[in-house]
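A short write-up of the structure that comes next.
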Amino acid sequence: MKVSGFTFIRNAIKYDYPVVEAITSVLPLCDEFVVAVGNSDDNTRGLIESIGSPKIRIIDTVWDDTLREGGRVLAVETDKAFDALSADSDWAIYIQGDEVLHEQYLDTLREAMQQWKDHPEVEGLLLNYLHFYGSYDFTGDSRRWYRREVRVIRNDKSIRSYRDAQGFRKNNKPLKVKPVKATMHHYGWVKPPEFQQAKQEYFHKLWHNDEWVEKKVPKADAFDYSSIDSLAKFTGTHPAVIQPRINRQNWQFTFDPTKKKLPFKSRFLHGIEALTGWRIGEYRNYRI
């Protein structure tokens, strides 16, 4: 079984992306790893080179900043990396620059890829998600956070990144997938407030025109984390590769998980999910 990994990244240093940790977290599973490094305002390419792994191959890309509608440029860059993978790979592991796979799931994911390798009807593998918010001590537990996403796909180039690169489709149809008991840690909402503010101002420009951003995105020196609706205290362990970053944490964030800011309907649906595990009306870009 041959496995490739792939991701895209731009301005990783400027916006404090844990992309080195993201790549190294899945590198043990991969025979090669392709990184599409976009035209950056910092030394993102040098950062990727500093990983120093012979498995890593960099392709240099130029982002089309006119593809703002729905974050389409993110999917285009994802496809560039995917298309550059070796043709003889069986599986492709996709990871974004703010996601990290816990090392405790490496064997589980490897076994799942081996188990379903010769079952072509299985087009991808579905992973669980933890979304950290504000600090490394809290996770989002409201319906605004997606619970699962496809992060392993067949090395089939008819599979394309969908919309803003959250998931994939084949011939514009959701992939047929098998769930895996493995969890991806998403750290996109865990940054020093000044970096998070800069990222938000930039990121909205990938979806909207300048006029919309000017009206809708408040100008500030630091991001206000306090407006979140609902969080849970995290009691597990973080991936080992992210621990040095956690040790460098230099900001404070507190939240009382008992004081949720949810409207009645959301509290009702949240309660049903807590009791049954069923998320009513959940969006799924996949078929189990």
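Here are the numbers:
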read-out	value
Members of segment 68-86 that are outside any loop (DSSP other than H, G, I, E, B) and at pLDDT below 95	GLU69, GLY70, GLY71, ARG72, VAL73, LEU74, ALA75
Qualifying position, being buried (at least 18 other Cβ atoms within 10 Å of the Cβ) and in a loop (DSSP other than H, G, I, E, B), among SER89, SER53, SER25	SER89
Residue count, segment 19-74 (criterion: under 17 Å from ILE93 (Cα atoms), hydroxyl-bearing (Ser, Thr, Tyr) and touching a strand residue (DSSP E or B) at 6+ places or on another chain (Cβ under 6 Å))	1
Failed condition for ASP60, given (1) touching a helix residue (DSSP H, G or I) at 6+ places or on another chain (Cβ under 7 Å); (2) without any contact (Cβ under 8 Å) to a residue 60 or more places away in the chain; (3) in a strand (DSSP E or B)	(1)
Filter pass, ASP65 being on the phi < 0 side of the Ramachandran plot, in contact with a Leu (Cβ under 9 Å, 6 or more places away or on another chain) and in a loop (DSSP other than H, G, I, E, B)	yes
Test: residue in segment 157-171 that is surrounded by 21 or more Cβ atoms within 10 Å (Cβ to Cβ) and within 25 Å of GLN243 (Cα to Cα)	no
Pick from segment 92-117, criterion part of a loop (DSSP other than H, G, I, E, B) and in contact with a Ser or Thr (Cβ under 9 Å, 6 or more places away or on another chain), ranking: nearest to LYS2 (Cα to Cα)	ILE95
Residues (charged (D, E, K, R), surrounded by fewer than 17 Cβ atoms within 10 Å (Cβ to Cβ) and not in a helix (DSSP H, G or I)) located in segment 179-205	LYS181
Residue ID - surrounded by the fewest Cβ atoms within 10 Å (Cβ to Cβ), chosen from residues in segment 236-253 that are in contact (Cβ under 8 Å) with a residue 40 or more places away in the chain, not β-branched (Val, Ile, Thr) and not in a loop (DSSP other than H, G, I, E, B)	ALA240
Some residue of segment 229-250 being at pLDDT below 80 and acidic (Asp, Glu)	no
From LYS170, LYS176, residue being closer than 14 Å to ARG287 by Cα and in contact (Cβ under 8 Å) with a residue 60 or more places away in the chain	LYS176
Some residue of segment 118-128 being in a helix (DSSP H, G or I), crowded, with 18+ Cβ neighbours inside 10 Å and small (Gly, Ala, Ser)	no
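The values are calculated or read from the model by the stated rules, or taken from the named source; none is laboratory data. What you see is a predicted model, and the numbers here were worked out from it, not measured in a lab. Backbone-built Cβ (ideal geometry, glycine too); neighbour counts: all protein chains shown.
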